[in-house]
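The values are calculated or read from the model by the stated rules, or taken from the named source; none is laboratory data. All figures in this text were calculated on a predicted structure; none of them were measured in a lab. Just the protein is used for accessible areas: all its heavy atoms, side chains included, with ligands, DNA and RNA removed. Shrake-Rupley method; radii C 1.70, N 1.55, O 1.52, S 1.80 Å.
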Amino acid sequence: MNIQAAESANPLLPPVGEIIVGLITFAILAFVVIKFVVPQFEKAFVARREAIEGGIERAEAMQAEAKAALEQYRAQLADARNEAAQIRDQARAEGQQILEELRTQAQEESARIVARGEEQLATARQQVVNELRGQIGTLAVQLAGQVVGESLADDARRSGTVDRFLAELDGMAAAGDGAVGAREGSR
C-alpha cells in the first residue's frame, strides 16, 4: 500500500515537513536580509546618490566660479586695455606739449640770438662810425688847414669845423638815400 500511497501523492509537491522547514528558513533568511543587508544597500545607495549629487553641485559651483573668474579676467583685461590706451594718449599729449615747448624755447632763443647780434652789430657800427668821424675830422682839419693855408690847431675852431663838415656829410647821405629810394620806387 505504500506504493499506492506514494503514487497517489503529487510528486511535484514536497512533503509538508520540508515546506515548513523551508518556510522557517526563508523567514529567517528574509529577516536577516531585511534587518542587516537592505540597510547596508540603502546606505550605499544614499552615499552614492549624495556623492553624485554633491559632485554635480561641486561641478556646477566650479563652473560658476570659472565663469565668474572668466568675467573678472575679461573685465580686468578691458580695464588694462583702457588704461594702456589712456597712458598712450597721455604720452602722446605730453610728447606734443614737450615738442611745442622745445619749439617755443628754440624760437625764443633764436630771437634772443638775433637781437643780441643786431645789438652787437649796431654797437660795432656805432664804434666804426665814431672812429671814422674822429679820423675824418682829423683828416678834414689837416686838409682844411692846407686848403685855407692857416693852422686849425685851435680846438674850438677845429671842433666847429669838424661838426659843420660832418653835418654836411650827414645831410648829403640823407639826400642820397632819399634819391636812391625815389629811383627804386619809380622802377
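Being open to solvent by less than 90 Å² (accessible area, probe 1.4 Å), assigned to a helix (DSSP H, G or I) and farther than 22 Å from ASP163 by Cα is true for just one of THR104, THR138. Which residue is that?
One residue alone meets the criteria, THR104.
Could you tell me which numbered condition ALA75 fails, if it satisfies all but one of (1) open to solvent by 60 Å² or more (accessible area, probe 1.4 Å); (2) within 35 Å of the chain's Cα centre (by Cα); (3) not aromatic (Phe, Trp, Tyr)?
It is condition (1) that ALA75 fails.
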